[in-house]
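The structure under discussion appears below in the form of structure tokens.
What follows draws every value from the coordinates through simple rules; no lab data is involved. Note that the structure is a prediction, hence the values are computed from the model and not measured. We place every Cβ from the backbone using ideal geometry, glycine too, and count neighbours over all the protein chains shown.
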Amino acid sequence: MSDKIRVLIIDDSAIMRRLITKMLSVHPAIEIVGTALNGRFGLEKMESLKPELIILDLEMPEMNGIEFLKEKRRRQNNIPVLVLSAVATKGAKITMEALSLGASDFILKPSGEDMNKVQRNLIEMVLSFCPNAPKVNWEASVSSLSETSKISQDNILKSTAKITSEEPEDFLQPIIKIPEIRILVIGISTGGPNALRDILPKFPANFPVPIVIVQHMPAGFTKEFAESLNKICPLQVKEAADNDLVKAGRILIAQGGKHLKFEKKTLATVVRVVDGDPVSGHKPSVDVMFDSAAEVYGTNCLACIMTGMGRDGAENIGKIMKRGGITMGQDQKSSIVYGMPHIALKLKHLQLVRPLDKIAETAINIVTKRTITE
């Protein structure tokens, strides 16, 4: 039995199947065990080849990706699925439907721009979603690939290094007192769509403070993502627009491709949706939002940093803590990628660590009762 991550690629384009195979095959821990040109053949190969991860196109003849996911769910098959998504309004809508049907996450189809970056992201996501792969230490991320698209042994070791089993208590900072909370801000990345679909419906319609979220997601997808969440949440969920009021009863999702900041006006606080260079490698950036939240809300802010590769948000969540706000991170076991919350913890910028299924409960109790629950 191979100790490699077994991947099945389902895409009607022979060119795309070859390209994805070539991109992934450079990593010695990944094995492409098969390909299929539509969902029907994909189902057959899923059963016979028993992959650990499926990479799925959505628009295919005979049986498309949505139909594949519906049948996969009917068969109670739990193999993670990473969707290959097109950049278009239609692509965004169908991608959100795929996530609602159990797809783990999505990545944009390679389009010829910065193929090395696409390759690195694809490899990182495959390693992240494989249930039998080691949890990955994304502080030592894969560096740039060479012109021949070969990853050096040093970088392979870095990209698959196991996180040391540190006790969170060694790094957590004390909570001197629980302030009155006026906003909950959340930063999240890889694995975020499904994590947010898990926690946000738990917030009641009368939750007394606004929730503002930066989810790393390309431009053109966050509107559909917010609308898909709005269908399952008691609170209103919408993509943030410039000068939107930050108010109770509303969850704002930062626009893909734009930064989100807060601006305090005479009668209310609004969000500003602004352009600019990527910060901490991202736009929208969690660091940008946390920095602005610290400035505008200070001690009255509850910040949560969740699953995601890289370090976006890990630095500036510390500003919220230093201003007297409360900071919380998702734990290692429930994170798809233990990068952002892990670095925040190691920087001693967190006061609480909670599993995914306890994050909403903890936040609700802090805001409404000013108490900490385990």
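Put simply, when 291-303, 346-358 are sorted by average Cβ atoms within 10 angstrom per residue, most first, you get 291-303, 346-358. Ordering LEU252, LEU108, VAL274 by Cα displacement along the dipole of the chain toward the positive end leaves LEU252 in first place; charges were set at the Cβ atoms of Lys, Arg (+1) and Asp, Glu (-1).
For every helix of n ≥ 4 consecutive DSSP H residues, a contribution of -39,500 (n - 2.57) applies; sum these over the chain, divide by its total residues, and give [θ] at 222 nm rounded to the nearest 500 deg cm²/dmol.
So the helix-based figure for the chain works out to -9500 deg cm²/dmol.
Residues within the reach of a label modelled at LYS50 (point 7 angstrom out along Cα to beta-carbon, backbone nitrogen below 13 Å), restricted to segment 1-37, are 1-3, 6.
When the pairs LYS45/LYS231; LYS177/LYS333; LYS117/LYS346; LYS70/LYS247; LYS50/LYS231; LYS265/LYS333 are compared against a 32 Å limit on Cα-Cα distance, LYS45/LYS231; LYS70/LYS247; LYS50/LYS231; LYS265/LYS333 fall above it.
The LYS202 and LYS369 beta-carbon pair, evaluated with R₀ = 22 Å, returns a calculated FRET efficiency of approximately 0.90. The C-alpha atoms of the chain define a longest principal axis, and helix 65-74 lies at about 80 degrees to it. 3J(HN,Hα) along segment 239-255: 5, 5, 10, 4, 6, 4, 5, 8, 9, 4, x, 9, 10, 9, 9, 4, 5 Hz, from the Karplus curve 6.51 cos²θ - 1.76 cosθ + 1.60 with θ = phi - 60°, whole Hz, x for Gly and Pro. Under a 5 Å amide H cut-off, with hydrogens placed 1.01 Å from N, GLU59 pairs with GLY65 among residues at least 5 apart or on other chains.
Computing FRET efficiency as 1/(1 + (r/R0)^6) for LEU267 and THR299, where r is the C-beta to C-beta distance and R0 is 30 Å, gives about 0.90. The angle separating the long axis of helix 89-100 from the principal Cα axis of greatest extent in the chain is about 80 degrees.
For segment 28-50, backbone nitrogen atoms closer than 15 Å to the point 7 Å from ASP3 Cα along Cα-to-C-beta are found at 28-31. Restricting to segment 168-368, compute how many DSSP beta bridges are antiparallel as a %, nearest 5. If we restrict to bridges inside segment 168-368, about 25 percent are antiparallel. Mean separation of Cα pairs under 8 Å and 6 or more residues apart, divided by the residue count, gives the chain a relative contact order of 13 percent.
Using the Cα coordinates of segment 261-374, the gyration tensor eigenvalues translate into equivalent-ellipsoid semi-axes of 22, 19, 11 Å, sorted from longest to shortest. Amide H to amide H distances under 5 Å link ALA240 with ILE253, ALA254, GLN255, where only residues 5 or more positions off or on other chains count and H is placed in the peptide plane. Projecting label points 7 angstrom from Cα along Cα→Cβ for ASN243 and ASN116 puts them 4.3 nm apart.
For the chain, a Kirkwood radius taken over Cα pairs fed into Stokes-Einstein (25 °C, viscosity 0.890 mPa s) yields D = 116 µm²/s.
Taking the convex hull of the Cα atoms, report for segment 168-368 its projected area averaged over all directions, in nm².
9.6 nm²
Annotation: amide H of PHE106 within the under-5 Å range of VAL83, sequence separation 5 or more or interchain, hydrogens built in the peptide plane. Computed across segment 2-111, the Kirkwood radius stands at 13.8 Å (inverse of mean 1/r, all Cα pairs).
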